[in-house]
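Notes to accompany the following structure.
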Amino acid sequence: MREIIGKAESLMEWGGMKKDVILLIISGISLVISIFDLIPLPFDAAWAAIILCGVPIVVEAVIGLITAFDIKADVLVSIALVASVCIGEDFAAGEVAFIMQLGALLEDMTVAKARAGIEKLVHLTPRTARVVKGGDVTVIPAEEVAVGDILRVLPGETVPVDGVIVSGQTSINQAVMTGESLPVDKTAGDEVFSGTVNQFGAFEMKAVKVGEDSSIQRMIRLVQSADAGKAKIVGLADRWATWVVVIALTAAALTWIITGEIIRSVTILVVFCPCALVLATPTAIMAAIGNATKHGFLVREGDALERLAKVTKIIFDKTGTLTYGTPEVTAVKSMSDYSEEEIFALAAAAEQMSEHPLGKAIVKCYGKTPCLAENIRTIPGKGVSAAVNGMIIKAGNKKLVSECENGKNMSDAIGDEQYLDEGSTVIYVAINDILAGFIVLSDTLREESVQTIDTLRHIGIGTVLLTGDNEKAANSIAGRLHINEVYANCLPEDKLRHIDEYQQNKIHVCMMGDGINDAPSLKKADVGIAMGGVGSDIAIDAADIALVNDDIKELPHLISLSSRMMTTIKLNLTFSMGLNFLAIALAIMGVLGPVSGALVHNAGSVLVIINSALLLKWRKR
């Protein structure tokens, strides 16, 4: 139902925008007919623009004044429209209404509604649970699970509530909560979280946190609260509207009193209309968005680039953002007479039927067709065992090889300490129950990550690493990237807390991530950027900007582009206000009439659009 409502709202929004385009086309044609007198009509053709574009502006301005005494740019436009019509300057009224509605349409095209992705998070919420009572297993709705219930979770199923394993061994994919790239081995006494996925062995668990207290439900609330707390930027024209209205009315009134010519006063109101002021921001934003699109960024929120220009610190998730998010074999070490190549080949043979991400990574990185293996079996929570060329090969964690003759008292002397300190995962290989060597797997850095971080530092942007990985892995990656601020073992609420601390200290932050667990942080940050290729749909929906091709080396360009965009907006504003004041002076002296004043006024709008268009191909040298 929620999806249907969402699609209906999108269609209504698009339908409304399509209607506005049609009305603007009709109004534009009517103004051309009016100024060149192309078709003899019993009335001025400009009235089509006045009715189609002007009346909605006047109605909205009146409603705003009556209901909330809200003075926006529409108020001055309405006054100019009414005054122009009263003295018979229909073309001037229609032309001003047309330009204002064009500016409003541009704003509508650049400002998209925030999409929290709540529906997709809800879909991740387990719907059923297997409750064990008196030896019988009953399937019940997940929301009916009570604290203390014993639940059974089968391979491939989603953990229904938060709890503690009471029996069984398995590996759990916790990416939804922590973003960790590798599954985590679990056994009796270990915690498991709702929404995470059981990959292999069946286990029984005791429910600890259920219903609204479960991890996945907390995630949903975090996304909702973070979205509600993000302020929207008010348009500059509306922000300055009160002063513009007061100055315009005062100037018009004094001119009428001093000269006695009402046409001069109406001209002042026409040229004082903030058309160029209204166009200054949306045209620059649209051009900047077009530029960003060429460099792989999909800007989903119209004001995201305005907020990005204020950012002084970028917070990165590690897995999938700065790294590829997939384990790769980075080293093979022998502790026996077997060569490293032989150990790699035997491990790949044993793992060739494995569904475990680490086993798949070993086979993929081996790069050849593994030799034939027999009696392949998975040992939940430990690894695999297989018969290869008449030998029994075991590949797995320390629990598995501790059963080997020379693995009972494993110590750092075997040479794995260095790799474990770097946060790598070590798969030990035993041949005929003798520990023969080990294979090191790591989540590898993206090739462009180091250059990107260095370039950001060069342009004055600080960098922070927030990750669900352990401290060793986090510090290892941060050291190679030259990132000084590192926070490890972060759950979604921990990331939110760190972001809030920066914002409380008046530091504008951008969050860049890819996982479901990053969604609340992407919403909470001043600007959220999601990896569009490897990123989850929920993370992308929560973000203001999506990096379509995952090429983060373009991030410094986006930061510089946002600053350039704000410079362009300020130039547009300065020029448009300067031209307005010049036109006002000429109107007071009687040099400009309402129509010529409107044309001069619109020449300023055209120049503003041209200046904004220069952003389309801008790139910092």
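The values are calculated or read from the model by the stated rules, or taken from the named source; none is laboratory data. Since the model is a prediction, treat every value here as computed from it, not as a measurement. Methodologically, a virtual Cβ is constructed for each residue, glycine included, from the backbone with ideal geometry; neighbour enumeration extends over all protein chains shown.
For the range 608-621, give me the residue count where each residue is buried (at least 22 other Cβ atoms within 10 Å of the Cβ) and either closer than 12 Å to residue 279 by Cβ or modelled with pLDDT under 85 (or both). Lay out the reasoning, then the answer.
Within the range 608-621, the first condition is being buried (at least 22 other Cβ atoms within 10 Å of the Cβ), and the residues that meet it are 608, 612, 615.
Retained after the next criterion (residues that are either closer than 12 Å to residue 279 by Cβ or modelled with pLDDT under 85 (or both)): 608, 612.
The qualifying residues number 2.
When you scan the range 561-577, do you find a residue that is farther than 23 Å from residue 289 by Cβ and either touching a residue at least 12 places away in the same chain (Cβ under 8 Å) or more than 27 Å from the chain's Cα centre (by Cα) (or both), even just one? Checked the range 561-577: at least one residue is farther than 23 Å from residue 289 by Cβ and either touching a residue at least 12 places away in the same chain (Cβ under 8 Å) or more than 27 Å from the chain's Cα centre (by Cα) (or both). For beta carbons closer than 9 Å, sequence separation of 6+ or different chains, a first residue in the range 184-195 that is outside the structural domain of residue 357 (by TED's automatic domain parsing) and a second that is exposed (fewer than 15 other Cβ atoms within 10 Å of the Cβ), the qualifying pairs are 188/164; 188/166; 188/167; 189/164; 189/166; 190/164; 191/164; 192/164. Could you look through the range 447-457, keep only residues that are farther than 26 Å from residue 497 by Cβ and not polar (S, T, N, Q), and pick out the one that is modelled with the lowest pLDDT? The residue in question is 447. Within this structure, residue 278 fails the test of being touching a helix residue (DSSP H, G or I) at 6+ places or on another chain (Cβ under 6 Å), at pLDDT below 75, more than 30 Å from residue 84 (Cα to Cα) and crowded, with 21+ Cβ neighbours inside 10 Å.
So which residues in the range 309-328 are crowded, with 17+ Cβ neighbours inside 10 Å and over 20 Å from residue 422 (Cβ atoms), if there are any at all? Give the steps one after another, and end with the answer.
Residues of the range 309-328 that are crowded, with 17+ Cβ neighbours inside 10 Å, as a first pass: 309, 311, 313-327.
Answer for the range 309-328, where residues must be crowded, with 17+ Cβ neighbours inside 10 Å and over 20 Å from residue 422 (Cβ atoms): 309, 311, 313, 314, 315.
Among residues belonging to the range 232-257 that are farther than 13 Å from residue 77 by Cβ, surrounded by 19 or more Cβ atoms within 10 Å (Cβ to Cβ) and at pLDDT below 75, point out the one that is farthest from the chain's Cα centre (by Cα). Applying the filter and picking the extreme gives 236. Looking at (1) touching a Gly at 6+ places or on another chain (Cβ under 9 Å); (2) at pLDDT below 85; (3) over 24 Å from residue 141 (Cβ atoms), find the lone condition where residue 177 falls short. Failed condition: (3).
Reported count of residues in the range 434-456, each being among the charged types (D, E, K, R) and surrounded by fewer than 15 Cβ atoms within 10 Å (Cβ to Cβ), is 2.
Just one of the numbered conditions (1) over 30 Å from residue 449 (Cβ atoms); (2) among the charged types (D, E, K, R); (3) surrounded by 24 or more Cβ atoms within 10 Å (Cβ to Cβ) is not true of residue 570: (3). Just one of 528, 460 is in the same structural domain as residue 305 (by TED's automatic domain parsing), modelled with pLDDT of 85 or more and touching an Asp or Glu at 6+ places or on another chain (Cβ under 6 Å); which is it? Exactly one of 528, 460 is in the same structural domain as residue 305 (by TED's automatic domain parsing), modelled with pLDDT of 85 or more and touching an Asp or Glu at 6+ places or on another chain (Cβ under 6 Å), namely 528. Of all residues in the range 478-524, those that are among the β-branched types (Val, Ile, Thr), part of a helix (DSSP H, G or I) and at pLDDT 85 or above total 1. Name the residues in the range 573-607 that are β-branched (Val, Ile, Thr) and either surrounded by fewer than 16 Cβ atoms within 10 Å (Cβ to Cβ) or in contact with a Phe, Trp or Tyr (Cβ under 7 Å, 6 or more places away or on another chain) (or both), would you? Across the range 573-607, the qualifying residues are 574, 584, 591, 595, 606.
Examine the range 161-168 for a residue that is surrounded by 22 or more Cβ atoms within 10 Å (Cβ to Cβ), at pLDDT below 85, touching a helix residue (DSSP H, G or I) at 6+ places or on another chain (Cβ under 9 Å) and not β-branched (Val, Ile, Thr), and state whether such a residue exists. There is no residue in the range 161-168 that is surrounded by 22 or more Cβ atoms within 10 Å (Cβ to Cβ), at pLDDT below 85, touching a helix residue (DSSP H, G or I) at 6+ places or on another chain (Cβ under 9 Å) and not β-branched (Val, Ile, Thr). Among residues of the range 329-376 being within 37 Å of the chain's Cα centre (by Cα) and assigned to a strand (DSSP E or B), the one that is surrounded by the most Cβ atoms within 10 Å (Cβ to Cβ) is 329. Of all residues in the range 279-316, those satisfying the criterion of being within 28 Å of residue 575 (Cα to Cα), in a loop (DSSP other than H, G, I, E, B) and of a type outside the set (A, V, I, L, M) are 301, 302, 303, 310.
Scan the range 550-568 and give yes if some residue there is at pLDDT 85 or above, in a loop (DSSP other than H, G, I, E, B) and more than 30 Å from residue 322 (Cβ to Cβ), otherwise no. Scanning the range 550-568, I find no residue that is at pLDDT 85 or above, in a loop (DSSP other than H, G, I, E, B) and more than 30 Å from residue 322 (Cβ to Cβ), so the answer is no.
State which residue is nearest to residue 205 (Cα to Cα) when the search covers only the range 139-160 and only residues that are of a type in the set (Val, Ile, Thr) and surrounded by fewer than 20 Cβ atoms within 10 Å (Cβ to Cβ).
Initially, the range 139-160 is screened for residues of a type in the set (Val, Ile, Thr), giving 139-140, 145, 147, 150, 153, 158-159.
Imposing the further condition that a residue be surrounded by fewer than 20 Cβ atoms within 10 Å (Cβ to Cβ) reduces the set to 139-140, 147, 150.
Values: 139: 15, 140: 15, 147: 11, 150: 6 Å.
Here the answer is 150.
Tell me whether the range 29-42 contains one or more residues that are in contact (Cβ under 8 Å) with a residue 60 or more places away in the chain, in the same structural domain as residue 244 (by TED's automatic domain parsing) and under 14 Å from residue 269 (Cβ atoms). Looking through the range 29-42, none of the residues is in contact (Cβ under 8 Å) with a residue 60 or more places away in the chain, in the same structural domain as residue 244 (by TED's automatic domain parsing) and under 14 Å from residue 269 (Cβ atoms).
The numbered conditions (1) hydroxyl-bearing (Ser, Thr, Tyr); (2) more than 31 Å from the chain's Cα centre (by Cα); (3) closer than 22 Å to residue 455 by Cβ are all true for residue 312 except (2).
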